[in-house]
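The values are calculated or read from the model by the stated rules, or taken from the named source; none is laboratory data. Given the structure is predicted, the values throughout are model-derived calculations rather than measurements. Glycine gets a Cβ as well: all are built from the backbone with ideal geometry, and neighbour counts include every protein chain shown. To get the accessible areas, we keep the full protein, side chains included, count just its heavy atoms, and leave off ligands, DNA and RNA. Shrake-Rupley method; radii C 1.70, N 1.55, O 1.52, S 1.80 Å.
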Amino acid sequence: MKKYCVILAVLTFFLYGAALAAAPQPGKPLEDRPAAGLDRVTVVSVQAEGTDSIGARLTTRLKERFNASNLFTLNDDEQKDVPKLNLLLSTAAEFPARPAVGSVYGVCWVFSQGKGYLGYLLGREVGTVDQENLEALVDRLVERTDGIVARYSSFWK
């Protein structure tokens, strides 16, 4: 029994020493530490055209979501000369005789370095939306916008 206690004490001593060696030292950076959270805020501008009511609601909800987000700053001021992501949104009634049924939309994500620079098309999407699917579409467009910003993050540096 005494032999097992000695072995257990020795193992505990070695495991404790290994744990201390692996513990982070103050002031010393860790190589395997997870990267810090994203600290980027992207300037976004939503430019919409269309006369249908569902498209107008889509535009309003997108602007509200970008304005409430911590990842984006909504900026519709064309005079500011800052790099930004322009969302070009075009909507139309799916059936002109019944405009409340649904809308067709087209979205283009265009990066602009500043006023007077040629924009870069980064993504596009076309689809249909109705009142029931409006919030889900807004969520998907905001998520895709964040994905595009993450993919082309070198443009903003």
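For the condition touching a residue at least 12 places away in the same chain (Cβ under 8 Å) and open to solvent by less than 30 Å² (accessible area, probe 1.4 Å), THR91 qualifies.
Here LEU11 clears all of (1) at pLDDT below 55; (2) within 22 Å of the chain's Cα centre (by Cα); (3) not in a loop (DSSP other than H, G, I, E, B) except the condition numbered (2). Scanning segment 39-64 for residues that are of a type in the set (A, V, I, L, M) and open to solvent by 70 Å² or more (accessible area, probe 1.4 Å) yields one hit, VAL41. Among the residues of segment 104-145, those that are crowded, with 17+ Cβ neighbours inside 10 Å and within 11 Å of the chain's Cα centre (by Cα) comprise LEU141, VAL142, THR145.
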